[in-house]
1. Would you list the strands (runs of 3 or more DSSP E) that sit entirely within the stretch A:69-157 and hold 1 or more residues that are without any contact (Cβ under 8 Å) to a residue 12 or more places away in the chain, more than 14 Å from chain B (Cβ to nearest Cβ) and surrounded by fewer than 22 Cβ atoms within 10 Å (Cβ to Cβ)?
2. Can you work out which of the residues in the stretch B:1-44 that are within 14 Å of chain A (Cβ to nearest Cβ) and not aliphatic (A, V, I, L, M) is nearest to residue B:140 (Cα to Cα)?
3. How many residues are among the hydrophobic types (A, V, I, L, M, F, W, C) and open to solvent by 90 Å² or more (accessible area, probe 1.4 Å) if we restrict to the stretch A:166-180?
4. How many of the residues in the stretch B:227-240 are at the interface with another protein chain (Cβ under 7 Å from one of its Cβ atoms) and surrounded by fewer than 22 Cβ atoms within 10 Å (Cβ to Cβ)?
5. So residue A:192 ticks every box in (1) open to solvent by 10 Å² or more (accessible area, probe 1.4 Å); (2) under 20 Å from the mean Cα position of the chain (by Cα); (3) closer than 27 Å to residue B:131 by Cα but one. Which box is left unticked?
6. Residues A:224, A:244: which one is of a type in the set (Lys, Arg) and either crowded, with 20+ Cβ neighbours inside 10 Å or out of contact with any Gly (no Cβ under 8 Å at 6 or more places or on another chain) (or both)?
7. Answer yes or no: is there a residue in the stretch B:203-220 that is in contact with a Lys or Arg (Cβ under 9 Å, 6 or more places away or on another chain), polar (S, T, N, Q), open to solvent by less than 30 Å² (accessible area, probe 1.4 Å) and farther than 16 Å from residue B:79 by Cβ.
8. Is there a residue being under 24 Å from residue B:87 (Cβ atoms), β-branched (Val, Ile, Thr) and not in a loop (DSSP other than H, G, I, E, B) anywhere in the stretch B:162-185?
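The values are calculated or read from the model by the stated rules, or taken from the named source; none is laboratory data. Please read all numbers here as calculations on a predicted model, not as lab measurements. Ideal geometry is used to build each Cβ from the backbone, glycine not excepted, and the neighbour counts take in all protein chains shown. Accessible surface areas use protein heavy atoms only, side chains included; no ligands, DNA or RNA. Shrake-Rupley method; radii C 1.70, N 1.55, O 1.52, S 1.80 Å.
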Number of protein chains: 2
Amino acid sequence: MNLILIHPHEPDSAGLVRLSGERAEHIRHVLKASSGKTLRIGLLNGPKGCGTVESVSGKEVVLQCAFEEKIPACPAVDLLLAMPRPKVMKRLWAQLAALGVGRIILANAEKVERYYFDSHVLEPDFYNERLIEGLQQAGDTLLPEVRIIKELKPFLEDDLNSIFPMSGKKLLADPSGEQNVFQALESAEAAKILMAVGPEGGWTPYELELFAAHGFKIFHAGPRILRTDTACIALLSMVAEIQRREI
Amino acid sequence: MNLILIHPHEPDSAGLVRLSGERAEHIRHVLKASSGKTLRIGLLNGPKGCGTVESVSGKEVVLQCAFEEKIPACPAVDLLLAMPRPKVMKRLWAQLAALGVGRIILANAEKVERYYFDSHVLEPDFYNERLIEGLQQAGDTLLPEVRIIKELKPFLEDDLNSIFPMSGKKLLADPSGEQNVFQALESAEAAKILMAVGPEGGWTPYELELFAAHGFKIFHAGPRILRTDTACIALLSMVAEIQRREI
């Protein structure tokens with residue numbers, strides 16, 4: 001935990017927050033903080049700030065919260081991911097939040113098994129806990145928005161334009177692409193990016209055509225075939241680093 | 001498995017190999033291959049090639065192997081990683097091999113717990129199996145070389161120069177760095193790169209000075225604090241992509 005996230009309903013009118021559970025444990029046993037010590041905190045979906053320890057007991061930790069005015073900028077990258085095996089997705093939530101994504105769209109694809117969508121890893125209580133874990137690791141406050149799409153085609157045809165700006169850049173990594181990620185991102189500068197990552201076994205030719213018809217630029221991400229989770233981390237971090245350089 | 005790895009001692013003098021266990025299972029149940037089908041194969045630490053299925057039975061799968069002449073190029077990146085928690089390292093082996101690293105150096109550091117080095121995840125039988133899993137995923141044949149370094153200082157002082165070329169570039173990601181990864185890699189072109197990744201909590205100022213004194217260039221990898229495994233994947237994939245662009 002490199003930042004302790006406070007939920008908006010938690011501080012009282014005087015800015016005091018009483019923590020129990022995992023966060024209190026962390027303050028007591030990892031940070032070993034006592035009265036007077038200041039800790040890095042953040043308001044979920046709000047600004048970062050500073051928490052001064054008022055008291056520490058076996059029952060609770062009381063912090064006096066002071067938040068900055070500025071809310072961190074939303075990550076420039078959204079992710080459209082063919083739903084991976086639940087075991088892989090379980091591990092991926094925290095890592096995606098740590099890397100920083102504005103939106104996580106989990107979509108069906110021909111090579112995705114239908115039963116993946118019945119998994120408990122897609123329940124908001126389950127994934128929000130892991131997303132928050134990733135934010136606290138990375139020192140961020142902005143919870144990615146999660147969408148679950150069981151029909152890819154109508155989503156691309158009808159819904160994508162309403163949630164992703166026309167000025168943004170849509171990318172898809174596939175061995176059939178001719179450009180590399182630098183060429184594909186050229187002149188994207190600070191624009192919003194949507195990165196599509198396929199299932200194990202890849203998108204089908206029909207799906208690739210569908211994406212291309214909806215403005216996705218297909219690029220190749222090198223000769224190695226990566227597992228979904230490794231590929232997501234690799235692609236998101238590359239794009240973030242290129243974006244940071246452009247700014 | 002995007003490539004089936006054959007060990008050098010397995011083919012007989014006629015180039016026939018008899019597979020049982022996991023690889024035979026994969027050929028039978030995932031690839032559903034029957035006689036005459038050709039499969040992508042590779043010789044461990046040797047060339048890739050093509051395996052023609054001669055026969056499939058419940059007991060074994062027999063392949064006729066034909067290997068190319070050319071051995072794949074060794075990855076341009078070596079990794080020096082402060083030994084992570086065994087649970088994290090367990091998951092990381094296959095991912096590192098899939099991303100492609102020439103050498104994995106697991107080193108001690110002030111913020112590494114001594115008992116991490118007693119873990120079974122550092123036993124060659126354990127990690128080689130996972131490294132091979134990663135190679136078979138990525139379609140590569142070159143097994144990373146693994147070194148375990150319990151004393152960082154004498155390694156940097158006495159041993160590093162003998163295993164890492166003087167012409168190579170040594171990089172270390174730390175928030176204290178002033179350049180970004182593009183600036184740090186500038187003009188590295190196809191040179192060999194050694195990437196150092198610190199423990200949870202980072203290298204100490206003393207360790208940072210030690211690395212700097214031994215030619216490591218310190219760069220910053222952005223404002224987010226990543227878990228060791230996420231950071232390794234992010235940094236290795238960024239460097240590989242930049243290297244690919246230069247070639």
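1. Because the criterion is at least 1 residues that are without any contact (Cβ under 8 Å) to a residue 12 or more places away in the chain, more than 14 Å from chain B (Cβ to nearest Cβ) and surrounded by fewer than 22 Cβ atoms within 10 Å (Cβ to Cβ), no strands (runs of 3 or more DSSP E) in the stretch A:69-157 meet it.
2. The selected residue is B:42.
3. 1
4. Residues in the stretch B:227-240 being at the interface with another protein chain (Cβ under 7 Å from one of its Cβ atoms) and surrounded by fewer than 22 Cβ atoms within 10 Å (Cβ to Cβ): 1 in total.
5. (3)
6. The match here is A:224.
7. yes
8. Within the stretch B:162-185, none of the residues are under 24 Å from residue B:87 (Cβ atoms), β-branched (Val, Ile, Thr) and not in a loop (DSSP other than H, G, I, E, B).
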